[in-house]
1. Go through the stretch A:388-420 and give me each residue that's more than 21 Å from B:Q316 (Cβ to Cβ) and not small (G, A, S).
2. State which residue pairs qualify: first residue more than 7 Å from every other protein chain (Cβ to nearest Cβ) and within 20 Å of B:V264 (Cα to Cα) and inside the stretch B:33-56, second residue open to solvent by 60 Å² or more (accessible area, probe 1.4 Å) and not small (G, A, S) in any location, beta carbons under 6 Å apart, and separation of 6 or more residues or different chains.
3. Can you list the helices (runs of 4 or more DSSP H) lying wholly within the stretch A:359-418 that have 1 or more residues being of a type in the set (V, I, T)?
4. Can you say whether B:G295 is under 24 Å from B:H24 (Cα atoms), more than 10 Å from chain A (Cβ to nearest Cβ), open to solvent by less than 10 Å² (accessible area, probe 1.4 Å) and of a type outside the set (D, E, K, R), as far as the supplied structure shows?
5. Report whether or not A:N386 is over 19 Å from B:M302 (Cα atoms), more than 7 Å from chain B (Cβ to nearest Cβ), among the polar types (S, T, N, Q) and in contact with a Gly (Cβ under 9 Å, 6 or more places away or on another chain).
6. Evaluate the following for A:A141: is it under 24 Å from the mean Cα position of the chain (by Cα), in contact (Cβ under 8 Å) with a residue 40 or more places away in the chain and either buried (at least 17 other Cβ atoms within 10 Å of the Cβ) or within 14 Å of another protein chain (Cβ to nearest Cβ) (or both)?
7. Right, A:T449: more than 7 Å from chain B (Cβ to nearest Cβ), in a helix (DSSP H, G or I), more than 15 Å from the chain's Cα centre (by Cα) and among the polar types (S, T, N, Q) or not?
8. So for the stretch B:216-229 (the condition being more than 9 Å from chain A (Cβ to nearest Cβ) and farther than 22 Å from B:H368 by Cα), does at least one residue qualify?
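The values are calculated or read from the model by the stated rules, or taken from the named source; none is laboratory data. Keep in mind that what you see is a predicted model, and the values were worked out from it rather than measured. Cβ atoms come from the backbone with ideal geometry, glycine included; neighbour counts cover every protein chain shown. Only protein heavy atoms, including side chains, enter the accessible area calculation; ligands, DNA and RNA are left aside. Shrake-Rupley method; radii C 1.70, N 1.55, O 1.52, S 1.80 Å.
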Protein chains: 2
Amino acid sequence: MVRRNKRAPTRLIEHRPEWRRLRHPFQPQEVFSTDKIEAMHEMALKLLEELGLKVLLNDARDVYAKGGARVNEDMVFIGRDMVTAAIASAPASIQLRASSKERDLVLENGALVFGPGAGCPNATDLINGRRPGSLRDFDNALRLCQSFDVIHKLGPCCEPQDVPVHLRHYDMMRSQLSLSDKFPFVYGRGPQQVAECFEMMCLALGLSDEEFLQSAWCSTVVNTNSPRQIDRPMGQALMDFARAGQLTIITPFCLSGAMAPVTVAGALILQHAEALGALVLTQLVRPGTPVCIGGFGSNVDMKSGAPAFGTPVHVQMSIGTGQLCRHVGLPWRGAAGAASNAPDMQAAGETHHSLWGNLMANAGMVFHSAGWLEGGLTFGFEKFINDVEALQTIADLCTAPDASEDAFGWSALEQVDPGGHFFATDQTMQRYETAFYKPLVADLNNFGTWELNGAVTADSRATGIWQQVLSEFTPPEGGADRRASLEAYIADHTAAGGAPIMD
Amino acid sequence: MVRRNKRAPTRLIEHRPEWRRLRHPFQPQEVFSTDKIEAMHEMALKLLEELGLKVLLNDARDVYAKGGARVNEDMVFIGRDMVTAAIASAPASIQLRASSKERDLVLENGALVFGPGAGCPNATDLINGRRPGSLRDFDNALRLCQSFDVIHKLGPCCEPQDVPVHLRHYDMMRSQLSLSDKFPFVYGRGPQQVAECFEMMCLALGLSDEEFLQSAWCSTVVNTNSPRQIDRPMGQALMDFARAGQLTIITPFCLSGAMAPVTVAGALILQHAEALGALVLTQLVRPGTPVCIGGFGSNVDMKSGAPAFGTPVHVQMSIGTGQLCRHVGLPWRGAAGAASNAPDMQAAGETHHSLWGNLMANAGMVFHSAGWLEGGLTFGFEKFINDVEALQTIADLCTAPDASEDAFGWSALEQVDPGGHFFATDQTMQRYETAFYKPLVADLNNFGTWELNGAVTADSRATGIWQQVLSEFTPPEGGADRRASLEAYIADHTAAGGAPIMD
């Protein structure tokens, strides 16, 4: 098939205020019976008590010990009373404050928050090819995230590898706060970097320390080193974010058959234990600090050991995670994702299966919902655009169909003769402009027209779209001011040598 | 990206007996409240009573009239008592008999039957390009359908346009019965063709007339001409199949905004009324004859008037159809589908969304679940293979995760040190060969290996797969005998001039 870029239509981006805060349209499904979920929760508690977690950070072990845990060298054994207390003190509903009030989010049972593909070292697109991520790529991915209402929070879509790590947080924070008004992320790469990111947020948003500490203005992701280990930067991040009352998203990455048991049940027990064990630390540091648990569970391919996504196990682990997290009554995150190396049918299939798995599970946050390729090694711009189509479709599904008398529309049914059509009924004329989702990248032309237009496939059409979105991008209101408010701070701290990352 | 065909791995086809008969893994969802569903059903009854259906076949109108309907010229007005009686007499559970006992199906609430993309005039693949369907394409599509356990029934994947229509049913029946042992279809193209197809089935399967009449050995699809019309061949097919006790799949094709109201509720009311009105005819002809209702509802693009699939309306209409059909307690069909002109991310996205919509709706039969492109104008071989991956993923999801004590696996959790891996635990060693779904077309190699292997995308990998499946194809047991048993019949009837199709 010929690959050519077609000029995309003028009006690409549909702004739908109702897409900015979504509620799940479907009832959560179950893959385990209630008594099995209780038994899995019990075994997770037993794991924390009897097998324990390895916690590499001294300060974190001290907090656990003071809270009543038994500590033996770097092993921490956490009693079920401590877990129960942490579950009780962690909030079930969390307000997330963004630069712009209209981007504020709520994270709670029933809420549906989409985050973009994140944590990718590389970026790719059909024009520039695959390359190590740069600040330019990071910024462009931010612009795309900002442009579509269905992307609710920011994430490190691709790593700006051209910026040294001791300075990288300055650029990442400046870009997020100036190019977007959505809920930002902060990497937990050591206390100084985290503290400086918090300072930059206060500066840019004009917040006093007290105002900052009272709400969640940003989030970090803490991956446990499954199985049963919390490394030093992760332990530090748990404590730093808890102290500041910012959102920690605790994410065991339990790939069944590799870092987790080969069974869905076993992998979920491990994931649940790790999430609860880390939760305890945050609640000991500051009871009531906002935390999102959950995980990112899928399986490896047993032939190659490679991670697989959108698989039956991925869907089942998502649903099981939802059951366990609702059992303890806490908000939680899941993840979509794709292993494919290209923006092709495999990539779309993997992301759709895993996205629907998260819907079936009623995940509060769905990470990696747009742009993820290669199991997270690469952020793909064409994949991002096509995934946004999927998210917009889901977002539209979040509004139930009209069930009013006018929607039933007896008079429309009466108006049309047998074998006729409804194009001209009063009901159609009143509703046609807003009745249906308008596709972003799908081409609904017939084959002949599509061929005449160059037989452009969805990947290449997406190239035209991201190019146009970037070329038409305008930073959000206040973005320039937020950028200006950071310049002196960043210049001073850069001149002073930046901030080291923690090993 | 380079497109090259890579030799596919040797073992492509996974034979999983449990995939041959599936039950829905998820609870059905709702988009309307129960009282709204009741109100929609009521309005459908009112529509049949007051607005009526246009029925173009005299014989059918006579049957309606004898059954108590008011007939005025070609309009038939059907009382709710007649509808209630038809709903009561139609079976809620239907046994579908295939050539091979192991391919028998059950159609009832909770069952999940996948049918391939069907009704396409054209075929396409990356080797031969897009062309009018031929008998060779029809046969090759049959071979693919036969090869994968998740395709449960046959369908006219692509039309053998190179065979004259008065002889086409001979070839289509011979191919189905010799190349496959799965539940076949028969076109309702007039009484003589239908009668001959039934005769061929009796011959090939060695059935007496009585044995044939006692079970459903084949099915036909009857599309109403929405809105509110049943044409002559369709009316005839409803009667012919009812008389013979064969399965009629009544399928209003209600595209919201075109042949149906612009609202989901209105389109569903029309679809429901048409399905029930046609159901009445079948039950008047032979009370208890097996019928599958439902529909194929989506929306048109209001800019171009083109049908769209995998849209929010498609998903909502699927779920609403499920609610209405469960309300009357009858088995029903839905449909997946794609409007894309190429086997690309759009195609995969549309089919995945609509497939999941059918899962959310608990559709008994999901038509067009593999290979459909261009809104049904073309059957795509690469699309078929990639869709089979999706269906196999769903099929695997139909088995709940193991919740046994061994699956919980305390000893495996104990065996692995913090930061270690589970590759070598006893639990993994015992289960790894069957623990995870093995992909058909997904390539899980890392980017470097994938690139070294030619950077082959999912569409081109699928080319290698369908080629290999076809080259290794062996007809099912009994296929050659069934073919032989038909040769004389077909030769005689061909010599006698074949059978006309009905206008």
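1. Just the residues of the stretch A:388-420 that are more than 21 Å from B:Q316 (Cβ to Cβ), to begin with: A:411, A:414-420.
Passing the criteria: A:E414, A:Q415, A:V416, A:D417, A:P418.
2. B:I37/B:H327; B:H41/B:H327; B:L45/B:R80
3. On the way: elements: A:381-397, A:405-408, A:410-415.
Passing ranges, in order: A:381-397.
4. In short, yes.
5. No, not satisfied.
6. Yes: the conditions hold for A:A141.
7. So A:T449 fits the description; yes.
8. Looking only at the stretch B:216-229, we keep the residues that are more than 9 Å from chain A (Cβ to nearest Cβ), and these are B:216-224.
Restricting the remaining residues to those that are farther than 22 Å from B:H368 by Cα gives none.
No, the stretch B:216-229 contains no residue that is more than 9 Å from chain A (Cβ to nearest Cβ) and farther than 22 Å from B:H368 by Cα.
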